[in-house]
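> So that we are looking at the same thing, I have put the structure below in structure tokens.
The values are calculated or read from the model by the stated rules, or taken from the named source; none is laboratory data. Keep in mind that this is a model prediction, so the values were computed, not measured. Cβ: placed from backbone, ideal geometry, glycine included. Neighbour counts: every protein chain shown. We work out accessible area using only protein heavy atoms, side chains counted, and drop any ligands, DNA or RNA first. Shrake-Rupley method; radii C 1.70, N 1.55, O 1.52, S 1.80 Å.
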Amino acid sequence: MGADRPGSEPHVEEEETKLLPSLRKSADTKELERLGRAFQQRRAEELTALGSPTEPTRAELYEQARRTEVPGRSQMGKEELAQALQEGKS
């Protein structure tokens, strides 16, 4: 959604450097998983309403890469993250 639009990078950076780390510290694993599922469901609903495919955003790919400890992820673009995650599965 917003991470793919030009000019949205400061917003994404703020989420990744301030909001998400603070949320990780204040919520337990069960709550984080619940929030993640709710976000994914809402995002899919919005994309469906727009007629867009449910392709993951760079921020979502980055989060998956962070969880799987992909090296160099902070310097990767969306396509590079997707490729690194795919290579990690094989």
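> Once you charge only the Cβ atoms, +1 for Lys and Arg and -1 for Asp and Glu, what is the size of the charge dipole of the chain about its Cα centre, to the nearest 20 debye?
300 debye
> Still on this structure, I have one more. Cut-off 10 angstrom, C-alpha nodes, Gaussian network model of the chain. Which of LYS78, LYS30, LYS18 fluctuates the most?
The residue that fluctuates most here is LYS30.
> Now, a different point. Can you give me the accessible area per residue for the stretch 37-90, using a 1.4 Å probe, in Å²?
73 Å²
> Keeping the other protein chains in place, figure out the carbon and sulfur percent of the accessible area of the chain, with a 1.4 Å probe.
53 percent
> Sticking with this one: Which lysines, on any chain, are close to LYS30 with Cα under 16 Å apart, when same-chain ones fewer than 8 places away are left out?
List returned: none.
> So which GluC sites (Glu not before Pro) in the stretch 34-90 pass both tests, a DSSP loop state and at most 12 other Cβ atoms within 10 Å of the Cβ? Don't skip to the answer; put the middle values down first.
Numbers: sites: GLU45, GLU46, GLU60, GLU63, GLU69, GLU79, GLU80, GLU87; in loops: GLU69.
In loop regions of the stretch 34-90 (DSSP not H, G, I, E or B), the sparsely surrounded GluC sites (Glu not before Pro) are GLU69.
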